[in-house]
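In what follows, a structure is listed as structure tokens, so that the remarks can point back to it.
Every number here is computed from the coordinates shown, using simple stated rules; none is lab data. Every value quoted in this text rests on a predicted model; they were computed, and no experiment measured them. Every residue, glycine among them, receives a Cβ derived from its backbone with ideal geometry; neighbour counts consider all protein chains shown.
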Amino acid sequence: MKTNMTLEEIRCQIDNIDAEIRKLIMKRLDCSRNVAMAKQASGNLVIYRADREAEILERLGQGVPEDRQAEYLAVVKKIMETSRMYQYGLLYDWNDGLFSERFGEIDIPTKASHIRFTLTRPNQPNSMAQILSMIGDYGCNTEFMELVGENKEMGMVTFTLTIQGDLNEVHMKKLMYQLSMESLDFVIEQVW
């Protein structure tokens, strides 16, 4: 692909496109807020639906040139992950006691720096990458991750992870809430 544009002109064009993308992402987050409000009103706090996301990816991937389809769908997946993060955060903020209802039995030290948990996810491409990305999006580092089980019949894998973070902080509680809602058999094993 040849262009008569200078690198500076191309970068200016990218800056303009980025400004448009920002406006569209803000509009999409407004819609995400409306989805969260509808979920709140219905009492159905389930945000993640793998089947719906698969349908959306299939639909949006149609007509995208093959040489760019994987990259395009990676961006769409990240937008959907971000939307879910926003929605779960809103639901957490709107529902006092949501964390304690799910994890009230956990002993949380006054100042904690690590959380170890186990979760089960479908054994499919990017399944664990999504979890690691989510952890990073909340500003946390994964310190340890180990595959501890695989159920080939059901197509599931179970991992234990240790992340750095203080479970007394709201963003960490939001992360644990989202992880618990998007995983099977989610258990916080230890906080220290």
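So here's what we get for this one:
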| item | result |
| --- | --- |
| Kyte-Doolittle at least -1.0, axis length at least 20 Å by Cα - qualifying DSSP helices, the chain | 7-42, 66-94 |
| DSSP-loop trypsin sites (Lys or Arg not before Pro) across the range 89-162, with at most 13 other Cβ within 10 angstrom | 111, 152 |
| Measure of compaction for the range 105-191 (Cα Rg per 2.2 N^0.38 Å) | 1.05 |
| Cα→Cβ-extended label distance, 7 Å offset, between residue 56 and residue 123, nm | 2.8 nm |
| Mean projected area in nm² (Cα convex hull; one quarter of hull surface) for the range 7-94 | 7.2 nm² |
| Chain lengthening between residue 40 and residue 147 when straightened (0.36 nm per residue, less Cα-Cα) | 35.0 nm |
| Inter-label distance for residue 168 and residue 113, nm, one decimal - labels placed 7 Å from Cα along Cα-to-Cβ | 1.4 nm |
| Low-density loop cleavage sites - GluC sites (Glu not before Pro) in the range 88-192, where at most 12 other Cβ are within 10 Å (DSSP) | 105, 153 |
| Pairwise label distance in nanometres, residue 7 with residue 71, each label 7 Å out on the Cα-Cβ vector | 1.8 nm |
